[in-house]
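Take a look at the structure set out below.
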Amino acid sequence: MGFGVKWSGWMMECVSTARAAVLVNGSASNEFYLGRGLRQGDPLSPFLFILITKVLHLLLEKAGALGLIKGIHGVIPGYTTMHLQFADDTILFLKAEEQGVENMKFILRCFEDFGREYSTGGTSAG
C-alpha cells in the first residue's frame, strides 16, 4: 500500500513490544513480553485491522477480475458480489463451482500466510 519501511517499523514496534503482568492473589507477577500482534482494546487495532482487511479485499477483487473466482448476482441489486466486510466479519459469496472454491481456499491461505509473516516479525515490511 506504499507505506515506507520506517512507518512499517513503527507499527511493528507498537504491536510487538507490549508487556503485561498477571495478578496472582493480589500480587503482580514479573512483567513478560507479549509475543504476538494486536490485542483487544489496543488503540491501533481498528486502524491496522482496516489496512489488513483492505489487503483481503484487493486480493478478492483481483481474483474476480482475473476470473479465478466468481461472485453472485442479486445480493446487492445491480452488482456482482464476492464478499461483504463489516466490523470484524467477512462474508464470501461464490458461485458453487469447484475450481472457484479451490481458488478461494488458495487466496485465503495466502492471506493467512501474509498475516502470519507480519505477526511473527517477518522481513516483508513496507
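The values are calculated or read from the model by the stated rules, or taken from the named source; none is laboratory data. Treat the numbers as computed from the prediction; the structure is a model and nothing was measured. Every residue, glycine among them, receives a Cβ derived from its backbone with ideal geometry; neighbour counts consider all protein chains shown. The accessibility values were calculated without ligands, DNA or RNA, using every heavy atom of the protein model including side chains. Shrake-Rupley method; radii C 1.70, N 1.55, O 1.52, S 1.80 Å.
Points worth noting:
- Single match in I107, I91 (criterion: among the β-branched types (V, I, T), within 30 Å of W10 (Cα to Cα), touching a Leu at 6+ places or on another chain (Cβ under 8 Å) and at pLDDT 85 or above): I107
- Yes/no for H73 being modelled with pLDDT of 75 or more, open to solvent by less than 80 Å² (accessible area, probe 1.4 Å) and either touching a Cys at 6+ places or on another chain (Cβ under 6 Å) or under 30 Å from Q99 (Cβ atoms) (or both): no
- Scanning the range 58-70 for residues that are open to solvent by less than 50 Å² (accessible area, probe 1.4 Å) and at negative phi returns L60, A63, G64, I69.
- Tally, over the range 80-98, of residues that are farther than 26 Å from F47 by Cα and exposed (fewer than 11 other Cβ atoms within 10 Å of the Cβ): 2
- Taking first residues from the range 5-22 that are open to solvent by less than 50 Å² (accessible area, probe 1.4 Å) and partners that are modelled with pLDDT under 75 and hydroxyl-bearing (S, T, Y), no Cβ contact under 7 Å between residues at least 6 apart in sequence or on separate chains turns up.
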